[in-house]
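Remarks on the structure that follows.
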2 protein chains.
Amino acid sequence: MQQRNERRDAAEHRQLILQTASQLFVTHGVESVSMHQIAKSAGIGQGTLYRRYSSKADLCTELLQDSFRRFTEELDSYLMTAAHLPVQERLLELMSRWIDLSVEKLQWFHVIKAPTFCSVDEVKYYNIPPCLYLKAVLERLLQEAVDSAEIRPLNAEFTAFNIVTGINPEAFIHLIQERNYSGDQIKKHFLDHYRRTLFAGD
Amino acid sequence: MQQRNERRDAAEHRQLILQTASQLFVTHGVESVSMHQIAKSAGIGQGTLYRRYSSKADLCTELLQDSFRRFTEELDSYLMTAAHLPVQERLLELMSRWIDLSVEKLQWFHVIKAPTFCSVDEVKYYNIPPCLYLKAVLERLLQEAVDSAEIRPLNAEFTAFNIVTGINPEAFIHLIQERNYSGDQIKKHFLDHYRRTLFAGD
DNA sequence: CTATTAAGCGGACAATTGTCCGCTTAGATT
DNA sequence: AATCTAAGCGGACAATTGTCCGCTTAATAG
């Protein structure tokens, strides 16, 4: 008895949902589209929708995958060829690219981080693949910097976590809405900050 | 025509709501109590409840006021008498106390930061009095440290903001749930981190 | 080709949050 | 004391999210 694969109709629905949701999100904005509306537009039932994606946050996480895959590929490639550059430069490049991605996909990231409905035991943001990846790479580079004495000793893991919590979509939204920052200004401030606190550069 | 004060019955209801909500929150946990239930327990209508507090986050913000008032009084008093101590020590003391408060009132802070229902243009967390206060005091101390050359130059305002985003209830919840950290371990890690990145101490 | 069965389907339902609006009433005015 | 009016009241309603369960069907086994 072989393992039952996903049924063909189910796979088609999965694609249909992603396509429909993506279109609706782009047209009306992620916030304004309800799960009911997605199901209706796709011509399927609520149950079918929720069977695939248990929340809008789930859907957004999935829709981010494409951009994210490109991000990791390009970054891995960069890190490969830039291995000889100072760790400091590579770290700042990583942050720079991450901030670009975050600002570009701000609505998606925000819905993932602060879902419409959320309860205490669902702080899933730090466990989505993009964040895990960011943290892992940060930690690796930080550890390398510590080992090569390019920065003073620190707890690479905790520092990586702290950077992930510091560079987050809600902070960006706050800076954009309350301070009228542009994406570039946000990036500049964060990079400056970490240049100064991590590397003591000026 | 004099300014109309809040009607007596309204003021009584306000107290009644706070008292009822507080009791229900303590008994059943903030998460498990619905606004409907609060209204019903208090013997008032939904409309009356929402007229006072437009969301559970609002209610929690109000309920935090008491603890927070005590916090600021004690802190201001400390800062007054500790003005001669190194800024570094005062900064770490501030963070230490803030983390204690946050851990103690974690559920409240979390509901304020990540309300049950939330939309993009409502990242209110950074604007509640406790956070504004924390940020202001951080900024003042950081600036003092910079001016007296106790730390290397940095953007006091942005650094203060970054610390507020780094020391936040969701990060605590993550560390508690995924890493099984205790409140004391959380505090230790954060203080270590900032000791190292801000002050280069060991 | 037929039978079997588990995965899939979908809309009705429950639970929440938050709004609305006609009725009531506290309290200032005269 | 009588009047007036804006603030207050409260429950019905709308909008969402998320669950449930009897019916359907794709895919495998014989």
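The values are calculated or read from the model by the stated rules, or taken from the named source; none is laboratory data. The shown structure was predicted, so the numbers you read here are calculated from the model rather than taken from an experiment. Every residue, glycine as well, gets a Cβ built from its backbone with ideal geometry; the counts of neighbours run over all protein chains shown.
Residue by residue through the range B:4-34, note down the ones that are more than 9 Å from DNA strand D (Cβ to nearest atom) and either in a loop (DSSP other than H, G, I, E, B) or within 14 Å of chain A (Cβ to nearest Cβ) (or both).
Of everything in the range B:4-34, those that are more than 9 Å from DNA strand D (Cβ to nearest atom) and either in a loop (DSSP other than H, G, I, E, B) or within 14 Å of chain A (Cβ to nearest Cβ) (or both) turn out to be B:PHE25, B:HIS28, B:GLY29, B:VAL30, B:GLU31, B:SER32, B:VAL33, B:SER34.
How many residues does the range B:28-67 hold that are away from DNA strand C (no atom under 12 Å from the Cβ) and more than 22 Å from B:LEU101 (Cβ to Cβ)?
3
Regarding B:LYS56, is this residue basic (Lys, Arg), within 15 Å of DNA strand D (Cβ to nearest atom) and under 17 Å from the mean Cα position of the chain (by Cα)? Step through it out loud before you land on a result.
On the way: basic (Lys, Arg): yes; within 15 Å of DNA strand D (Cβ to nearest atom): yes; under 17 Å from the mean Cα position of the chain (by Cα): yes.
Yes; evaluated as a whole, the condition is true for this residue.
Here are the criteria: (1) in the same structural domain as B:LEU106 (by TED's automatic domain parsing); (2) within 16 Å of DNA strand D (Cβ to nearest atom); (3) over 20 Å from B:TYR125 (Cα atoms). Tell me which single one B:GLU62 does not satisfy.
Condition (3) is where B:GLU62 drops out.
Go through (1) more than 10 Å from every other protein chain (Cβ to nearest Cβ); (2) within 23 Å of A:PHE68 (Cβ to Cβ) for A:ALA149 and report which single condition fails.
The single condition A:ALA149 does not satisfy is (2).
Exactly one condition in (1) closer than 24 Å to A:VAL123 by Cα; (2) of a type in the set (A, V, I, L, M); (3) surrounded by 21 or more Cβ atoms within 10 Å (Cβ to Cβ) is not met by B:ILE186; state its number.
It is condition (3) that B:ILE186 fails.
Which one of these does A:GLU74 not meet: (1) over 21 Å from A:GLN107 (Cα atoms); (2) surrounded by 14 or more Cβ atoms within 10 Å (Cβ to Cβ)?
(2)
Evaluate the range B:127-137: report whether one residue or more is hydroxyl-bearing (Ser, Thr, Tyr), away from chain A (no Cβ under 11 Å) and either touching an Asp or Glu at 6+ places or on another chain (Cβ under 6 Å) or more than 23 Å from A:PHE172 (Cα to Cα) (or both). Break it down into steps so the answer makes sense when it comes.
Narrowing the range B:127-137 to residues hydroxyl-bearing (Ser, Thr, Tyr): B:133.
The next check asks that each one be away from chain A (no Cβ under 11 Å); those that pass are B:133.
Keeping just the survivors that are either touching an Asp or Glu at 6+ places or on another chain (Cβ under 6 Å) or more than 23 Å from A:PHE172 (Cα to Cα) (or both) gives none.
Looking through the range B:127-137, none of the residues is hydroxyl-bearing (Ser, Thr, Tyr), away from chain A (no Cβ under 11 Å) and either touching an Asp or Glu at 6+ places or on another chain (Cβ under 6 Å) or more than 23 Å from A:PHE172 (Cα to Cα) (or both).
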